[in-house]
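Shown next, in structure tokens, is the structure this report addresses.
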Amino acid sequence: MVFALSSAGCVLLAILFAALFWHRRGLSARRLARCAMVAAAYVVLCLAFQPISYGPVQVRLAEALCLLPVFGGEYAAAVTLGCVLANLFGYGPLDALFGGLATLLACLFTWRLRGVRLRGLALPASLPPVIFNAVIVGAELTLFFTDGGASLPAFLWNSLTVGIGEGISCCVLGTALVRAIERRPQLLSAFRQG
């Protein structure tokens, strides 16, 4: 009960902070609402597919949303907020911190690679989430959640399993999501519109 109340408080504070930050940056109400929906979609996808969204062996379907910064930098904040909130329901504050950091860095690098295509696909932009999550979340799982203590083999194993899950979520599903949005002019306009 206390965790639920503190999580609700964190959610409200995060939303308030994000709204104030984005408002000061001149983000339109439409973009703010779109970012709130992306953050909410991330949390819902993680909770709906909870058995495969958390732990050392995970295929977090919500991570496909990490490719949305291809359409605008504001999605980096939206996906990061969604990740932090979803991780509060997983392993708690440590996971929110480390997972949020990995997602923020991944989304910022994805945004930087937004125009790079390989055979028309945003495949290069899908690699930062795989790399950052494999390293950062792999280290987090090894240091804080591995039975028997941290070791190099445990880190390599956790990095490999997280990286494979991220590869499925980002390189396959995320790239397909970007392609589907880009092929539909109205949908593309909705994701880019101010």
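Remarks
- Close pairs from the stretch 53-65: first farther than 26 Å from R34 by Cβ, partner part of a loop (DSSP other than H, G, I, E, B), Cβ under 9 Å, at least 6 apart: Y54/R60; Y54/G90; Y54/Y91; G55/G90; G55/Y91; P56/T146
- The C-beta contact set for the stretch 132-144 (first residue touching a residue at least 12 places away in the same chain (Cβ under 8 Å) and surrounded by fewer than 20 Cβ atoms within 10 Å (Cβ to Cβ), second residue part of a helix (DSSP H, G or I) and among the aliphatic types (A, V, I, L, M), distance under 7 angstrom, 6+ apart or interchain) comprises F144/L94.
Yes or no, residue by residue, for (1) assigned to a helix (DSSP H, G or I); (2) among the aromatic types (F, W, Y); (3) touching a residue at least 12 places away in the same chain (Cβ under 8 Å):
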| site | (1), (2), (3) |
| --- | --- |
| L127 | yes, no, yes |
| A150 | no, no, no |
| A154 | yes, no, yes |
| V162 | yes, no, yes |
| G167 | yes, no, yes |
| T175 | yes, no, yes |
| F191 | yes, yes, yes |
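- Condition met for L97 (farther than 18 Å from G167 by Cα, part of a helix (DSSP H, G or I), without any contact (Cβ under 8 Å) to a residue 24 or more places away in the chain and touching a helix residue (DSSP H, G or I) at 6+ places or on another chain (Cβ under 6 Å)): no
- Restricting attention to the stretch 41-71, the residues that are in contact with a helix residue (DSSP H, G or I) (Cβ under 7 Å, 6 or more places away or on another chain), assigned to a helix (DSSP H, G or I) and of a type outside the set (S, T, Y) add up to 16.
- In the set G115, G120, G149, G99, only one residue is under 18 Å from Y75 (Cβ atoms), loosely packed, with under 15 Cβ neighbours inside 10 Å and small (G, A, S); that residue is G115.
Just so you know, all these numbers are worked out from the coordinates, no wet-lab data involved. What you see is a predicted model, and the numbers here were worked out from it, not measured in a lab. All Cβ positions, even for glycine, are placed from backbone atoms using ideal geometry, and neighbour counts span all protein chains on display.
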